[in-house]
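Okay, so here's the structure we're looking at.
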Amino acid sequence: MKPLNIEICDVTLRDGEQTPGVSFSCQEKVEIATTLDEIGIEVIEAGFPAVSVNEKQCVKTIANLGLDARICGFSRAREADILTAIDCNVDMVSIFIPTSELHVQLKFRKPREEVLADSLNMIDFARDHGVQVRFAAEDASRTDLPFLKEVYRQAADHGAVLLSFADTVGCLIPSEMNRIMSDLVASVDRPFCAHCHNDMGCAVANTITAAEAGAFQLHTTVNGIGERSGNASLEELLVVLRMKKGIDRYDLSQLNRLSHMVEKYSGVALPRNKPVTGELAFSHESGIHIAAILEDPSTYEYFPPDLVGGERHFILGKHTGKKALEHVVASLGCELTDKQICRVLDLVKDHSEHKCNITPDVLRKLIKKAKETPQ
């Protein structure tokens, strides 16, 4: 288990809010930021201050909460954007520019070298105003590597304290991320950030791979929300860091609460089988599984639900076994004979095969029916 030198920058309040249809109120942003801080997240990207007057006020409010986390404001390479962010009292401004030929030509219609030169001037401008700069390359994953290295080298020379690599369209797989990030880390003496999108379902894997290749700051969003298919999920990444890398400084017991807070405030429903915080993450129906879990939960749970503030549930259905049913029946305070248990089990299986849920009330009715059945 190779130790990792990492920190987390959560971007829920900026990139997460760019999920189509999502808009957090200022109070909601404060609650999310406060919980992230309680978990121990080192950097919170509080928003894009230049978007609106209200957005600027929200970022400023968060920056003035006195949190332990450093607060970052997002900015284009423009003086007005940078000044707006600085006026929010943020600790750091993240200045981004597109670096791929596709993005540069579409957005600026001038040579990429000229775009870079203008952006370097903005790094100087921000530093002259006393704020740290994180320099972010948008669409870095589709930028030719020699030019990308030169971009980062010059940004470092101009005083950027962090260099951010964005897989903007989620086009990388872990082997590609490992090759590219290893090359970048070896070529520029400055900490790198990994900002991964999830278009092909690789965001968390790519983020962990980037960390193994030397990336320092790992970007996440709660529940993996964000544009299109979203970003690397905070909950999943923190559990991987705990279980596979031994990083235990984050309070994972608050993940379930935070996840459902963001679900409520964003309006983006969690998939039932969402890893770590989904409804089914610690739910079991198979009789074979439940019988083993009753003896030792680690047989079918790699990490316990209380680690992340969750709960274990036994679901009755087609695959339920006798031991599981006995456990659930006992939890309801009912006592049945062996024959009655077998009868209830038959009723449970028959009921569930009609795609009907076995709720506690349904189970009580089935128990009553079994008791009324002649022995």
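The values are calculated or read from the model by the stated rules, or taken from the named source; none is laboratory data. All values derive from a computational prediction rather than experimental measurement. Neighbour counts are summed over all protein chains in view; Cβ atoms, including those assigned to glycine, are modelled from backbone coordinates with ideal geometry. We work out accessible area using only protein heavy atoms, side chains counted, and drop any ligands, DNA or RNA first. Shrake-Rupley method; radii C 1.70, N 1.55, O 1.52, S 1.80 Å.
For the chain, which semi-axes, largest first and in whole Å, follow from the square roots of 5 times the eigenvalues of its Cα gyration tensor?
That gives 49, 21, 17 Å for the three semi-axes.
Using the rule -39500 (n - 2.57) for each DSSP H run of four or more residues, divided by the residues of the chain, the 222 nm mean residue ellipticity is -13500 deg cm²/dmol.
Only Lys, Arg, Asp and Glu carry charge here, each on its Cβ (+1 for the first two, -1 for the last two); on that basis the chain has a dipole of about 1120 debye about its Cα centre. How large is log10 of I(q)/I(0) for the range 65-155 at q = 0.12, 0.20, 0.23 Å⁻¹ when the intensity is taken from the Debye formula with one equal scatterer per alpha-carbon? Cα-only, vacuum Debye calculation for the range 65-155: -0.38, -0.91, -1.10.
Once C-alpha pairs closer than 8 Å and six or more residues apart are averaged by separation and normalised to the residue number of the chain, the relative contact order reads 13 percent. Report the one residue of 277, 238, 220 whose Cα lies farthest in the direction of the positive end of the charge dipole of the range 220-284 (charges on C-beta: Lys and Arg +1, Asp and Glu -1; origin at the Cα centre). The residue sitting farthest along the positive end of the dipole is 238. What the Cα atoms of the range 244-313 give is an Rg and a Dmax of 13.5, 39 Å.
Computed from label points 7 Å out along Cα-Cβ, the spacing between residue 26 and residue 179 is 4.9 nm. Computed extension gain for residue 54 through residue 296, at 0.36 nm per residue and net of the alpha carbon distance, reaches 81.9 nm. Straight-line cross-link reach from residue 60 at under 17 Å between alpha-carbon atoms covers these lysines, not counting any fewer than eight positions away in the same chain: 29. Projected label points at residue 353 and residue 368, each 7 Å from Cα along the beta carbon direction, are separated by 2.5 nanometres. Straight-line cross-link partners of residue 245 among the lysines, defined as a Cα under 18 Å from its Cα and at least 8 positions apart when in the same chain: 2. Each Cα pair under 8 Å and six or more residues apart adds its separation to the average, and for the range 40-170 the resulting relative contact order is 20 percent. When you filter the trypsin sites (Lys or Arg not before Pro) in the range 99-187 for DSSP loop state and at most 16 other Cβ atoms inside 10 Å of their Cβ, you are left with 109. Computed over protein heavy atoms with a 1.4 Å probe, the accessible surface of the range 241-375 works out to 59 Å² per residue.
Relative to its residue count, the range 256-375 spans a Cα convex hull of 116 Å³ per residue. Note that the range 301-312 has calculated 3J(HN,Hα) couplings of 9, 5, 9, x, x, 5, 4, 10, x, x, 9, 8 Hz, one per residue in order, obtained from phi through the Karplus relation 6.51 cos²θ - 1.76 cosθ + 1.60 (θ = phi - 60°); glycine and proline are x. Within straight-line reach of residue 365, meaning a Cα separation under 25 Å, sit the following lysines at least 8 residues removed in sequence or on another chain: 318, 322, 323, 339, 349, 355. Averaged over its residues, the range 51-110 has an accessible area of 49 Å² per residue, based on protein heavy atoms and a 1.4 Å probe. Computed over the range 150-302, relative contact order equals 15 percent, with contacts defined as Cα pairs under 8 Å that lie 6+ residues apart. By accessible area, using a 1.4 Å probe on protein heavy atoms only, the range 1-107 has 51% of its surface on carbon and sulfur.
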